[in-house]
Structures are given as structure tokens and as C-alpha cells.
1. Let me confirm something: among Ile204, Ile226, Ile247, which residue is closer than 14 Å to Ala133 by Cα, assigned to a loop (DSSP other than H, G, I, E, B) and either among the polar types (S, T, N, Q) or over 20 Å from the mean Cα position of the chain (by Cα) (or both)?
2. Mind checking whether some residue in region 178-193 is of a type in the set (Gly, Ala, Ser) and assigned to a strand (DSSP E or B)?
3. Restricting attention to region 135-158, does a residue exist that is among the aliphatic types (A, V, I, L, M), in contact with a strand residue (DSSP E or B) (Cβ under 9 Å, 6 or more places away or on another chain) and under 30 Å from His71 (Cα atoms)?
4. Do you know which residues across region 42-89 are closer than 25 Å to Arg288 by Cβ, modelled with pLDDT of 95 or more and in contact with a Ser or Thr (Cβ under 7 Å, 6 or more places away or on another chain)?
5. Select, from Thr125, Thr162, the only residue that is within 22 Å of Ser222 (Cα to Cα) and among the hydroxyl-bearing types (Ser, Thr, Tyr).
6. Would it be correct to say that Ile269 is crowded, with 19+ Cβ neighbours inside 10 Å, in a helix (DSSP H, G or I), touching a residue at least 12 places away in the same chain (Cβ under 8 Å) and over 18 Å from the mean Cα position of the chain (by Cα)?
7. Restricting attention to region 131-190, which residues are surrounded by 14 or more Cβ atoms within 10 Å (Cβ to Cβ), charged (D, E, K, R) and within 24 Å of Pro248 (Cβ to Cβ)?
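The values are calculated or read from the model by the stated rules, or taken from the named source; none is laboratory data. All figures in this text were calculated on a predicted structure; none of them were measured in a lab. Using ideal geometry, Cβ is built from the backbone for each residue, glycine included, and neighbour counts are taken over all protein chains shown. These accessible areas exclude ligands, DNA and RNA; they are computed on the full protein's heavy atoms, side chains included. Shrake-Rupley method; radii C 1.70, N 1.55, O 1.52, S 1.80 Å.
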Amino acid sequence: MKTIIGLGLAGLGLLALAPAPTAHAQAGNYPEKPVTIIADAAPGATPDVDARFVAEGLSKMWGQQVIVINHPGANGSIAARTATEAAPDGYTLFMPALSTFAALPSVAPNLPLKLPRDFLPIGFTAENPMFIAVGPSLSVTTLPQLIALAKKEPGKISIAVTGIGRLTHLTGELLQMRADLKLLTVPYTGGPAPALGDVIGGRISMIIEGYSGIVGAVKAGSVKLIAVASAERLPEFPDLPTVAETIPGFSATGWQVMVAPLGTPVPIISKVSADLSKAVTDPDFKKRLGAIGSYSRAMSPEEVLAFVAKEQETWLPVVQRIAEK
């Protein structure tokens, strides 16, 4: 990880060293037309919902439409390629999820997925802990019961994950590593809806997903939450145990950052970063995110670089485990 961390540290001076933009590229009147945010998640997935909340906040602030375009598939590489090929004028931004920047670079180093080699960091948008929910085919009601059953019947309990290499998959692998058990991983494409349908229908035993992707089924009683992979119990879910209460130190939280294509003018990066910080720290925005199990905080571009480098290091053992299978 020395190389990755070194890239991050070297990038701290990237914005200051960039050439001065021409007069027409100054950020004074930006944006003067609609802005597109590329999301690497399928519609309805937690990162997609978070991106739409961010887009709404920036739209109100700028008086311009901010549109979210979904490019799911290939573990985020389709969206990354699309974003890196966009004009570096500030009118195309990219909100990758954790797995795109923290997992794929380790297994696909030639893809345009690294900071600051391929994108300029702007800021942090949201984080969302993973929730573990079981369907009607399982009689368990707690995580300890699930672990005990999985150890008694290795490989028989099936787990739905929304994409190989995505955070739902990484979290499932981390759970198996830390609890020393074996589950049957069933990957899905197209967001949480098809996976959730099979869990509700009893064809799949359980699902790991952000809350916004399963909230309807939870409220309807079709699936039961048994744990959340946050460091502490969440204020909105005070009676829901954390995974760490059963497996000390366990944490699996997704996140999204905002970046721009390489070459985007520095004044535009600075403006979007400042405006994004205001949007994600707005009390109403934070309240709306909290209702769907997501949380926001502001980060500077430099803080994003350091944060992503640390996350890459944290998830590397899990990524390597997947690659070895």
C-alpha cells in the first residue's frame, strides 16, 4: 500500500500546482447550464439515492438543474471510464462508491480509478453502514443465532449481494472471515430490487444492503433487520445491535466522494468543493439522509485523498480473499 498512499500524499499539492485557468474557465458564473453527476450504482441502490439528494441540494444552491446519470455494471469501471472521458469543464462530476476506488484498483490497476492520477478530488458526500437482514426462510432473529446456524450448516445459508466486488459483497466476505463461517454468495445485478425479491420469496436466506435499498421491505415486515455494521448503534435504530457487539471491531460502511475529470479548472473545483460542503452539512439534508440510514460530513479535497488511501488499505485483505477464490 506504500505506492497508493504515496500517490495520495503527492496529490495534496496537485491543485496548487495546476496551471492557471483561462478567463472563460473562471468559476465566477459557474454553473451556467445543467450539471451531470455520474453514479456508478443502479437506480434505487443506496449510493444512487445519496447522489440524488446531493444533486437536489446543489440544484437549489446553484439555480441550475443537476442531473444524476446511472452507469452501473462491471464493478464501477463503466462509470469510471465514462467520467474520465468527459470534458474537464466542471459540467460532468463523478460520485464513486467505496468499492470503485477502494477495491477495483487492487485487481484492475490499469482502469481509470485512482486518485489523483485519474480524477481530482472535490469532497465527501455520504456514508452508509451496511445492514444485515434475513428473509422468511430463516428462523433466526439475531446475528449470534445466524452465525451458529451457519457454522452448523456450512455453505447452506445463501446471501444476496448486489454485485461482485461491491460493498455488499465485501461485507459478506468480511463477515465470513471474522466469524469463521461459510455462506453461499449469490450476486445480483440491477440494484437491490431483484435480490430483495428473492429474499422475500424465500429463495435466498439473507441480504446485506444499505438501508435505503431495503427500507420498504423492512417496514412491510417482509424481511427482518438483525444487525448494522456501524461502529456504534445508530440514533435512528437504537434497538438494532451492531455487528461489533457480536464480532468486536467489525465495521463496514459505504461511502461516496465527489471527483472531477483531470484538467477541470481549479476555481471550479474550489467552488464545487465549498458548495458541496455547505450542502452536505445542511441540517435538513442530514435529517433526510439519516432517515434512510445514511450520514454526511464535509471533507476538503486533501482530506478526501487521505481518506481514500486509508480505506484502500483497510479493505485490501478482503479484496485479496475474493481474488483468490
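1. Ile204
2. The answer is no, given that none of the residues of region 178-193 is of a type in the set (Gly, Ala, Ser) and assigned to a strand (DSSP E or B).
3. Pass one, region 135-158, residues among the aliphatic types (A, V, I, L, M): 138, 140, 143, 146-150, 157.
After this cut, where a residue has to be in contact with a strand residue (DSSP E or B) (Cβ under 9 Å, 6 or more places away or on another chain) as well, the list is 138, 140, 143, 146, 157.
Checking which are under 30 Å from His71 (Cα atoms) leaves us with none.
Within region 135-158 (the criterion being among the aliphatic types (A, V, I, L, M), in contact with a strand residue (DSSP E or B) (Cβ under 9 Å, 6 or more places away or on another chain) and under 30 Å from His71 (Cα atoms)), the answer is no, since none of the residues qualifies.
4. If the condition is that a residue be closer than 25 Å to Arg288 by Cβ, modelled with pLDDT of 95 or more and in contact with a Ser or Thr (Cβ under 7 Å, 6 or more places away or on another chain), then Val54, Gln65, Val66, Ile67, Ile69 are the ones that fit.
5. Working: Thr125 fails: within 22 Å of Ser222 (Cα to Cα).
Of Thr125, Thr162, the one residue that is within 22 Å of Ser222 (Cα to Cα) and among the hydroxyl-bearing types (Ser, Thr, Tyr) is Thr162.
6. Judged against the criteria, Ile269 is a match.
7. Passing the criteria: Glu173, Arg178, Lys182.
Matching residues to (1) β-branched (Val, Ile, Thr); (2) farther than 30 Å from Pro317 by Cβ; (3) open to solvent by 50 Å² or more (accessible area, probe 1.4 Å); (4) modelled with pLDDT of 95 or more:
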residue	(1), (2), (3), (4)
Pro248	no, no, yes, yes
Gln256	no, no, no, no
Ala260	no, yes, no, yes
Pro265	no, yes, no, yes
Thr281	yes, yes, yes, yes
Lys287	no, yes, yes, no
Ile292	yes, no, no, no
